[in-house]
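> There's a structure below that I have some questions on.
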Amino acid sequence: MTAAADQPSRPRVDGPAAEAEAPESLAEASLTKCDERQYYPSPKDWREVVLYSIVVDRFQAWSPATVEGDPVDGCSRHGGNLRGLSKRLDYIRDLGGTAIHLTPVALNGHGSYHGYAPRHLMAVDPRLGTMEDLRQLVSKAHERGIRVVLDLVLNHAGPVFEYADGSNLWRGAEEAADVLDDGIGIRPLELAAPQHFSRRGVINDWNDTEQETLGDFPPDYRRLATENPDTQHLLRFIACWWVRETDIDGIRLDAVRHMDRTFVATLCETVRRYAGNLGKDNFLVIGEHAGDDDTMISSCFTLGLNAVYNYGEYRRQSWALHGQASARELEESFDTASKAFGRDHGFTIRFIDNHDVYRFLRDGEPAGRLRVALAHLILSIGIPMLYYGTEQGFRQSTQRLAPENLRDPADPENRQDMFPEGRFTSPSSEGDSFDGSSPFFRWTRRLIELRGRHRALRLGEQEVLFSERHRPGIYAFMRHYGGERVLVVLNTDSRPVSRRLPVDALFEPQAPIGREPLPWHPVLLDLLLPGPAVTVQRVRRGPLVADITLPAFGVDVFLPSA
């Protein structure tokens, strides 16, 4: 990162002009509610939804599509846009997705196809479409019962200025550096002043708290001074403005751990109160905290966020789901997270891959591993987030399970083109990637349908009943809500496994441990596979047990019954 930071900045003002409708300043914008407009209400509980995460430039192109650079190059712009996404909403609905998460749509400069280097915070990037295209996308999604979550980048802007000394290197936290006196290329105009940026140089040591807090992102993404009350006021206005203009149902705050915590708290309060006045009384604010420490991540809930990315569990559980650790690691990871999050555990965003990490399925890996991982994702406690293409079995060539790094980066190989005409593909993603009859699509939809039929799988607490101690194998957990209890059993091994599972927890208080004889005949009804019910028996003077056999990478779900 040091080498990247020492390079000259890219041109400060680049990319297309904003559409005429986009406000140049806050003075041209309004937060007054439109009396004639009816805003779409929030869901009662966000734990009910299944999120589907999309890199807009890679999902679906539609005329007019803008391509910049070589479409075979993963770092160029490939033409995916908002109109194309609107055409694929039925595909998402048929899969079972009930909310979509979009990468940022604000105007970026050249090369920033991903949207994370904004230079106009109140304009839709014309290469993705217009503000009206975004409004139409949200409206059409709502017609299908799909919510829309928009990624807002409020931690930093793109390369909108150069330092006066010509260097991007980290220069210490004591004093802000001077910038060239030819202005700051950002809109709205109120932000185009040095005091709205930290100006300490680019981070080169992510373990240094001062750099992580005040530094620009490599190579030259300028950090906004979220510790400045005046900057906070402008950014809160901008966030509320996007809600008013588009009728979105939630926002994702990128890089929340790098922002001033007071700002995050006041932003959450302001945006949720404003959205409530529009009729969205449960507006979603997700925090993207990419650290591994569950306690640090859980502290974000105290700031007013109502959901956070669960990176800690993702990092730990990936080893077991890939067969590189025992199934007991899944239980231990769950226990760690449960202690850290407490009652908030159900509001963590679960994922097995996303646009910042490797795709789950690796070249050469058995496809069955993804079947197990999808079941773990969709049926475990938390809000599941599917990454586009995972439901079609997209793969990545890396074999790395440790966190991605500069020698083996996750992107752009994890951001393949989804649309049939796309040229940035792999053998796993080329051709028609919107196949509703593919095995992984049907498996994912089946799991989502099962989750939708049982409130315990959406809203319930979770209790682990068994996990293989020393190798891959059986991992069994119960979800319970009200009087409903559901047993989920996964086999992370590449071989069939049979185990006698303790199932007292599924039948309490009807059959306390050790009570004999049983006054009724408990069984486990199979919710996934056709076949006879599994008999439950009493170990002499011991617990209730059930003998379960799963094939290699097997998944089964049971409902207890008398």
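> For segment 311-336, which residues satisfy the criterion of being surrounded by fewer than 23 Cβ atoms within 10 Å (Cβ to Cβ) and either outside the structural domain of Ile378 (by TED's automatic domain parsing) or of a type in the set (Gly, Ala, Ser) (or both)?
Ser318, Gly323, Ala325, Ser326, Ser333
> Would you say Tyr221 is of a type in the set (Ser, Thr, Tyr), within 18 Å of Thr103 (Cα to Cα) and touching an Asp or Glu at 6+ places or on another chain (Cβ under 8 Å)?
Here the answer is no, as Tyr221 does not meet what is asked.
> So, one more: For the condition touching a Pro at 6+ places or on another chain (Cβ under 9 Å) and without any contact (Cβ under 8 Å) to a residue 24 or more places away in the chain, what is the one hit in Asp178, Asp165, Asp151, Asp125?
Values: Asp165 fails: touching a Pro at 6+ places or on another chain (Cβ under 9 Å); Asp151 fails: without any contact (Cβ under 8 Å) to a residue 24 or more places away in the chain; Asp125 fails: without any contact (Cβ under 8 Å) to a residue 24 or more places away in the chain.
That would be Asp178, the only listed residue that is touching a Pro at 6+ places or on another chain (Cβ under 9 Å) and without any contact (Cβ under 8 Å) to a residue 24 or more places away in the chain.
> Counting only residues that are of a type in the set (Val, Ile, Thr) and not in a strand (DSSP E or B), which one in segment 465-508 is nearest to Ser561 (Cα to Cα)?
Step by step, filter segment 465-508, then rank; the result is Val503.
> I'm trying to understand the selection: among the residues of segment 13-39, which are under 16 Å from Ile238 (Cβ atoms) and under 29 Å from the mean Cα position of the chain (by Cα)?
Hits for segment 13-39 are Ala18, Ala22, Leu31.
> With the condition kept exactly as written, say whether any residue in segment 166-186 is touching a Leu at 6+ places or on another chain (Cβ under 9 Å), over 30 Å from Asp292 (Cβ atoms) and crowded, with 18+ Cβ neighbours inside 10 Å.
yes
> List the helices (runs of 4 or more DSSP H) that sit entirely inside segment 294-351 and contain at least 1 residues that are over 20 Å from the mean Cα position of the chain (by Cα) and not hydrophobic (A, V, I, L, M, F, W, C).
328-341
> Does Ala117 satisfy being under 30 Å from Ala176 (Cβ atoms), buried (at least 24 other Cβ atoms within 10 Å of the Cβ) and at pLDDT 95 or above?
yes
> Condition (residue is in the same structural domain as Asp73 (by TED's automatic domain parsing) and surrounded by 20 or more Cβ atoms within 10 Å (Cβ to Cβ)) applied to segment 405-413: is it met by at least one residue?
Yes: one or more hits.
> Could you list all residues from segment 192-208 that are among the β-branched types (Val, Ile, Thr) and either under 22 Å from Asp182 (Cα atoms) or in a helix (DSSP H, G or I) (or both)? Spell out how you get there, then give the answer.
Just the residues of segment 192-208 that are among the β-branched types (Val, Ile, Thr), to begin with: 202-203.
Hit for segment 192-208 is Val202, nothing else.
> Being buried (at least 22 other Cβ atoms within 10 Å of the Cβ) and free of Cβ contacts under 8 Å to residues at least 60 places away in the same chain is the filter; apply it to segment 128-138 and report the residue that is nearest to Asp281 (Cα to Cα).
The residue in question is Leu137.
> Additional query: Just for strands (runs of 3 or more DSSP E) wholly inside segment 102-170: which have at least 3 residues that are under 22 Å from the mean Cα position of the chain (by Cα) and over 22 Å from Ala192 (Cα atoms)?
147-152
> In the set Arg58, Arg83, Arg93, which member is within 19 Å of the chain's Cα centre (by Cα), of a type in the set (D, E, K, R), surrounded by fewer than 23 Cβ atoms within 10 Å (Cβ to Cβ) and over 14 Å from Gly15 (Cα atoms)?
Answer to the selection: Arg93.
> Further question: Hey, does segment 443-457 have a residue that's in a helix (DSSP H, G or I) and among the aromatic types (Phe, Trp, Tyr)?
Checking segment 443-457: at least one residue is in a helix (DSSP H, G or I) and among the aromatic types (Phe, Trp, Tyr).
> Moving to a separate point now. So, of the residues in segment 420-442 that are among the aromatic types (Phe, Trp, Tyr) and in a loop (DSSP other than H, G, I, E, B), which turns out to be nearest to the chain's Cα centre (by Cα)? Don't jump to the end; show me each part of the working.
Just the residues of segment 420-442 that are among the aromatic types (Phe, Trp, Tyr), to begin with: 424, 434, 440-441.
From what's left, in a loop (DSSP other than H, G, I, E, B): 424, 434.
Values: Phe424: 22, Phe434: 21 Å.
Per the criteria, the residue is Phe434.
> Going through segment 451-461 one residue at a time, which ones are crowded, with 19+ Cβ neighbours inside 10 Å and not charged (D, E, K, R)?
Matches in segment 451-461: His454, Ala456, Leu457, Gly460.
> Of everything in segment 429-438, what is surrounded by fewer than 18 Cβ atoms within 10 Å (Cβ to Cβ) and touching a residue at least 12 places away in the same chain (Cβ under 8 Å)? Give them in sequence order.
If the condition is that a residue be surrounded by fewer than 18 Cβ atoms within 10 Å (Cβ to Cβ) and touching a residue at least 12 places away in the same chain (Cβ under 8 Å), then Asp432, Asp435, Gly436, Ser438 are the ones that fit.
> Quickly run through segment 273-288 and pick out the residues that are surrounded by fewer than 24 Cβ atoms within 10 Å (Cβ to Cβ) and either under 30 Å from Asp335 (Cβ atoms) or among the charged types (D, E, K, R) (or both).
Correct list: Arg273, Lys280, Asp281, Asn282, Glu288.
> What about Gly111, is it surrounded by fewer than 24 Cβ atoms within 10 Å (Cβ to Cβ), at positive phi and assigned by TED's automatic domain parsing to the domain that holds Ile286? Before the answer, list the steps.
Numbers: surrounded by fewer than 24 Cβ atoms within 10 Å (Cβ to Cβ): yes; at positive phi: yes; assigned by TED's automatic domain parsing to the domain that holds Ile286: yes.
Yes, satisfied.
> Okay, next question. List every residue pair whose Cβ atoms lie under 8 Å apart, where the two residues are 6 or more positions apart in sequence or sit on different chains, the first residue falls within segment 104-117 and is closer than 15 Å to Asn155 by Cβ, and the second residue, located anywhere, is among the aromatic types (Phe, Trp, Tyr).
Pairs found: Pro104/Tyr116; Asn108/Tyr116; Tyr116/Tyr221; Ala117/Tyr221.
> Look through Ala27, Ala5 and report the one residue that is of a type in the set (Gly, Ala, Ser) and at pLDDT 90 or above.
Ala27
> Something else: Restricting attention to segment 512-532, does a residue exist that is among the small types (Gly, Ala, Ser), farther than 30 Å from Ala99 by Cα and surrounded by 14 or more Cβ atoms within 10 Å (Cβ to Cβ)?
no
> Quick one: which residue in Ala157, Ala141 is more than 19 Å from Phe59 (Cβ to Cβ), of a type outside the set (Phe, Trp, Tyr), buried (at least 22 other Cβ atoms within 10 Å of the Cβ) and in contact with a Lys or Arg (Cβ under 9 Å, 6 or more places away or on another chain)?
Ala157
The values are calculated or read from the model by the stated rules, or taken from the named source; none is laboratory data. Note that the structure is predicted; figures quoted are calculated from it, not measured. All Cβ positions, even for glycine, are placed from backbone atoms using ideal geometry, and neighbour counts span all protein chains on display.
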